[in-house]
Amino acid sequence: ISINSGVQEMAISPNGKEIAFTARGEVFVTAVDGGLTKRLTNTPEQERFVKFTSDGQSVVYASERDGKWKIFKTSKSRSEEPYFFAATLLKEELLLEKEGDCYLPEFSPDGNVMAYIEDRRTLKVMDLKTKQETTLLTPEELYHFRDGDQYFKWSPDSKWLVVSWGKSLSNREILLISADGKRKENITQSGYQEYVPKWVNEGKQLLFFSNRNGLKSYATSGQ
């Protein structure tokens, strides 16, 4: 089947030569030039939230198996094959499973920690070596509207997470949280919508969207 539409999401590899994407509920990796594409999953369940690990050696995604979201990792089995799109042998492993749902994996640039969402309304980080976990935001601090509606990104030095955060549907703020959970700061507090923050200038600055200066409905009933 030729897929020229319906790609839901994508992630670029750290070396910039591969793109992982999801389509029709499966995970694929394609060469940037489009010459070769490799299918990584073949399941009756849907896979979403695809990411490369920080070293680019594995592709991580959530899969809704046995009635709940779990986080899986697929890696190349042969060291002499540098690219997923041309790999002959692949190995899938279960990376994280809990009693409830786990999805939205996000890896720190140093490769030591994975942030993720547990039970749709809890933001956690897990040390990938020790498996020790830290809760950064609780269900009292997050609302859930649909799967995947949380947004958070690691700082380049792996010490902070920037979060598009809101306790209600009316507005979102930009929140900075230290990876150890000891520091938390709302850096916008405008009362309007701020969202999709991105680290720039080697982590010295943040960019984000805001509707504070645009046309809006003060009854929060429309754009």
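The values are calculated or read from the model by the stated rules, or taken from the named source; none is laboratory data. Quick caveat: nothing in here was measured; it's all calculated off a predicted structure. Cβ sites come from the backbone with ideal geometry, for glycine too, and all protein chains shown count toward neighbours. Just the protein is used for accessible areas: all its heavy atoms, side chains included, with ligands, DNA and RNA removed. Shrake-Rupley method; radii C 1.70, N 1.55, O 1.52, S 1.80 Å.
Overview of results
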{"quantity": "Given charges at beta-carbon only (K, R positive; D, E negative), |dipole| of the stretch 1-110 in Debye", "calculated": "220 debye"}
{"quantity": "Under 5 Å, built H, 5+ apart or other chain: amide partners of VAL27", "calculated": "LEU40, THR41"}
{"quantity": "Under Karplus coefficients 6.51, -1.76 and 1.60, residue-wise ³J(HN,Hα) of the stretch 114-128 in Hz, glycine/proline x", "calculated": "10, 8, 7, 9, 10, 6, 6, 9, 10, 9, 10, 10, 10, 5, 6"}
{"quantity": "Dipole-positive endmost among ASN201, GLY67, GLN46 within the chain (Cβ charges, Cα centre)", "calculated": "ASN201"}
{"quantity": "Whole-Hz couplings from phi, Karplus 6.51/-1.76/1.60, listed for the stretch 102-109; x for Gly and Pro", "calculated": "9, 7, 6, x, 9, 9, 5, x"}
{"quantity": "Long-range amide H partners of ASN211 with built H, under 5 Å", "calculated": "GLN193"}
{"quantity": "Furthest towards positive pole of dipole, SER79, GLN132, PHE145, structure part the stretch 73-172, Cβ charges", "calculated": "PHE145"}
{"quantity": "Radius 9 Å from Cβ of TYR83, net charge of other residues (Lys, Arg +1; Asp, Glu -1)", "calculated": "+1"}
{"quantity": "In order through the stretch 198-211: 3J(HN,Hα) via Karplus (6.51 cos²θ - 1.76 cosθ + 1.60), integer Hz, x for Gly, Pro", "calculated": "9, 6, 9, 6, 6, x, 7, 9, 10, 10, 7, 7, 8, 9"}
{"quantity": "Rel. contact order, % - alpha carbon contacts under 8 angstrom, at least six apart, the stretch 1-74", "calculated": "22 percent"}
{"quantity": "The chain - percent of accessible surface contributed by carbon and sulfur, probe 1.4 Å", "calculated": "47 percent"}
{"quantity": "The stretch 155-223 - accessible surface per residue (Å², probe 1.4 Å)", "calculated": "66 Å²"}
{"quantity": "Solvent-free Debye scattering, log10 I(q)/I(0), computed from the Cα coordinates of the stretch 84-158 at q = 0.16, 0.21, 0.23 Å⁻¹", "calculated": "-0.66, -0.99, -1.11"}
{"quantity": "Cα-based radius of gyration of the chain once divided by 2.2 N^0.38 Å, which approximates compact folds", "calculated": "1.07"}
{"quantity": "Label zone at ARG24, where the point sits 7 Å out along the Cα-to-Cβ direction: the stretch 42-57 residues whose backbone N lies under 15 Å", "calculated": "42-47"}
{"quantity": "Net charge of neighbours whose Cβ lies under 9 Å from the Cβ of PHE72, counting Lys and Arg as +1 and Asp and Glu as -1", "calculated": "0"}
{"quantity": "Full-stretch length increase - ALA86, ASP180 - with 0.36 nm per residue and alpha-carbon distance subtracted", "calculated": "30.0 nm"}
{"quantity": "Total charge dipole magnitude, the stretch 133-222, about the Cα centre, Cβ charges on Lys, Arg, Asp, Glu only, Debye to nearest 20", "calculated": "280 debye"}
{"quantity": "Global form of the stretch 1-80, assessed from the alpha-carbon gyration tensor, a/c cut-off 1.5", "calculated": "oblate"}
{"quantity": "Given charges at beta-carbon only (K, R positive; D, E negative), |dipole| of the stretch 1-65 in Debye", "calculated": "60 debye"}
{"quantity": "Residue-normalised accessible area of the stretch 20-116, expressed per residue, 1.4 Å probe, Å²", "calculated": "45 Å²"}
